[in-house]
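Taking it in order: structure first as structure tokens, then the write-up.
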Amino acid sequence: MRRFEMILPATVEECVKALATHGAGARTVAGGTDLLPQMKNGVVKPAVVIDLSGIAALRGVAAANGAGLRVGACATARELELNADVRKRYTALADGAALVGSVQVRNLATVGGNLCNAAPSADMAPPLMALEAEAVIASPRGERRVPLTSFFQGVRRTVLAADELLVALVVPAPAAGSGGSYIRHTPRRELDIAVVGVASQVTVQNGRCTKARIALASVAPTPVHATAAERALEGQALTPELIEKAAGLAVEAAKPISDQRGSAEFRTHLVRVLTRRTLTSALARASA
Ligand SMILES: Cc1cc2nc3c(=O)[nH]c(=O)nc-3n(C[C@H](O)[C@H](O)[C@H](O)COP(=O)(O)OP(=O)(O)OC[C@H]3O[C@@H](n4cnc5c(N)ncnc54)[C@H](O)[C@@H]3O)c2cc1C
């Protein structure tokens, strides 16, 4: 591995100042579970590595000001998987976090690292998109918020400029009668990445679906919303027939490739199956 300088900021302000000073030659490190293998393989060769572990403002999972949840960028997958509020009200996120790697990986892997690494297969991205999370981003110019739906720009590309840091995710509180689910398909049971992942989040009031959000992983360069399927569900009673129809419509949002892990045809089939399963599970949770 190439030698690099290490910087340990104590605050967000110090961190974005260091990012601004060192520009594209610098990389932040949170858990290091994506960055370190990339550095060892020579995929990235930062001259400066900025360690985020000393910045208290990036940690924790807590109630947001007002309503909803504030998830610090350095909250780990294990924290999210075990958090009582996440398991009760943000179930799709608990599902996604619990699938990342092994317990050892989840103790290090952060939600910020998962999103900023911007792999199409990232397991925490679809649940957060389905939950309509916003990214809180800091830079020397101040703070801005970006809906997660607009955060990803391509494989390993996000809206973050070289001097910007993801500080937190703010997730609105789901309305009464809401439920969510995330399921992925992997050829191996453990330590594998999603061939396809689907998150569904629904709200049901007086027997009708008032809101539906469906987000897909590993079927396009970025996670995507299945908007035609979402529209088909809203305003309707969620019958098995309608869920089947929405699962078929979700396929429209998928532009999968064929690779050694699955053909485009197989991925398209998985979108249909996993959309049906996650909608059925989300509906059951909404009714529980
Ligand atoms: C064995 C193994 C199994 C895995 N299994 C899965 C899996 O099942 N599902 C899955 O989704 N992923 C998996 N991963 C990938 C990885 O663990 C996750 O993506 C993890 O969440 C990355 O978080 P991190 O804190 O380790 O990121 P890091 O490696 O520290 O950082 C990743 C990237 O994000 C940037 N970054 C980190 N934090 C910030 C921030 N706050 N602001 C701006 N940029 C930031 C870094 O500069 C770097 O480019 C696995 C990895 C390993 C090694």
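Quick check: anything in region 180-203 over 23 Å from the mean Cα position of the chain (by Cα), at pLDDT 95 or above and surrounded by 14 or more Cβ atoms within 10 Å (Cβ to Cβ)? There is no residue in region 180-203 that is over 23 Å from the mean Cα position of the chain (by Cα), at pLDDT 95 or above and surrounded by 14 or more Cβ atoms within 10 Å (Cβ to Cβ).
Per the conditions (1) free of Cβ contacts under 8 Å to residues at least 40 places away in the same chain; (2) surrounded by 14 or more Cβ atoms within 10 Å (Cβ to Cβ); (3) farther than 17 Å from Asp95 by Cβ, the sole criterion not satisfied by Lys255 is (2).
The residues listed here are Asp123, Asp95, Asp34, Asp85; of these, the one that is out of contact with any Cys (no Cβ under 7 Å at 6 or more places or on another chain), acidic (Asp, Glu) and farther than 27 Å from Gly179 by Cβ is Asp34. Exactly one residue out of Thr268, Thr278, Thr222 is polar (S, T, N, Q) and over 18 Å from the mean Cα position of the chain (by Cα), and it is Thr268.
Here Thr21 clears all of (1) buried (at least 18 other Cβ atoms within 10 Å of the Cβ); (2) of a type in the set (Ser, Thr, Tyr); (3) farther than 20 Å from Leu169 by Cα except the condition numbered (1). Determine, yes or no, whether Gly248 is open to solvent by less than 10 Å² (accessible area, probe 1.4 Å) and touching a helix residue (DSSP H, G or I) at 6+ places or on another chain (Cβ under 7 Å). It is false that Gly248 is open to solvent by less than 10 Å² (accessible area, probe 1.4 Å) and touching a helix residue (DSSP H, G or I) at 6+ places or on another chain (Cβ under 7 Å). When Ser139 is tested against the conditions (1) away from the ligand (no atom under 12 Å from the Cβ); (2) in contact with a helix residue (DSSP H, G or I) (Cβ under 8 Å, 6 or more places away or on another chain), the lone failure is (1).
Scanning region 56-77 for residues that are open to solvent by 30 Å² or more (accessible area, probe 1.4 Å), in a helix (DSSP H, G or I) and under 18 Å from Cys116 (Cβ atoms) yields one hit, Ala57.
Which count do you get for residues in region 223-240 that are open to solvent by 60 Å² or more (accessible area, probe 1.4 Å) and of a type outside the set (Asp, Glu)?
Within region 223-240, residues that are open to solvent by 60 Å² or more (accessible area, probe 1.4 Å) and of a type outside the set (Asp, Glu) number 4.
Examine region 164-178 for a residue that is under 30 Å from Gln260 (Cβ atoms) and away from the ligand (no atom under 14 Å from the Cβ), and state whether such a residue exists. For region 164-178, residues under 30 Å from Gln260 (Cβ atoms) and away from the ligand (no atom under 14 Å from the Cβ): absent.
Inside region 27-55, can you point out the residues that are in a strand (DSSP E or B), more than 6 Å from the ligand (Cβ to nearest atom) and either among the β-branched types (Val, Ile, Thr) or in contact with a Pro (Cβ under 6 Å, 6 or more places away or on another chain) (or both)? Once the filter is applied, which keeps residues that are in a strand (DSSP E or B), more than 6 Å from the ligand (Cβ to nearest atom) and either among the β-branched types (Val, Ile, Thr) or in contact with a Pro (Cβ under 6 Å, 6 or more places away or on another chain) (or both), region 27-55 yields Val48, Val49, Ile50. Quick check: anything in region 128-135 within 30 Å of Thr21 (Cβ to Cβ), surrounded by fewer than 24 Cβ atoms within 10 Å (Cβ to Cβ) and either under 13 Å from the mean Cα position of the chain (by Cα) or aliphatic (A, V, I, L, M) (or both)? The answer is yes; a qualifying residue exists.
From the list Thr239, Thr222, Thr186, the lone residue that is within 16 Å of the ligand (Cβ to nearest atom), free of Cβ contacts under 8 Å to residues at least 40 places away in the same chain and among the hydroxyl-bearing types (Ser, Thr, Tyr) is Thr186. Annotation note: of Ala75, Ala67, the sole residue that is within 15 Å of the ligand (Cβ to nearest atom) and in contact (Cβ under 8 Å) with a residue 24 or more places away in the chain is Ala75.
The values are calculated or read from the model by the stated rules, or taken from the named source; none is laboratory data. The structure presented is a predicted model; accordingly, all values stated were derived computationally and were not measured. For neighbour counting, all protein chains shown are included, and Cβ atoms are generated from backbone atoms with ideal geometry for every residue, glycine included. Protein only, heavy atoms only, side chains kept; ligands, DNA and RNA dropped before computing areas. Shrake-Rupley method; radii C 1.70, N 1.55, O 1.52, S 1.80 Å.
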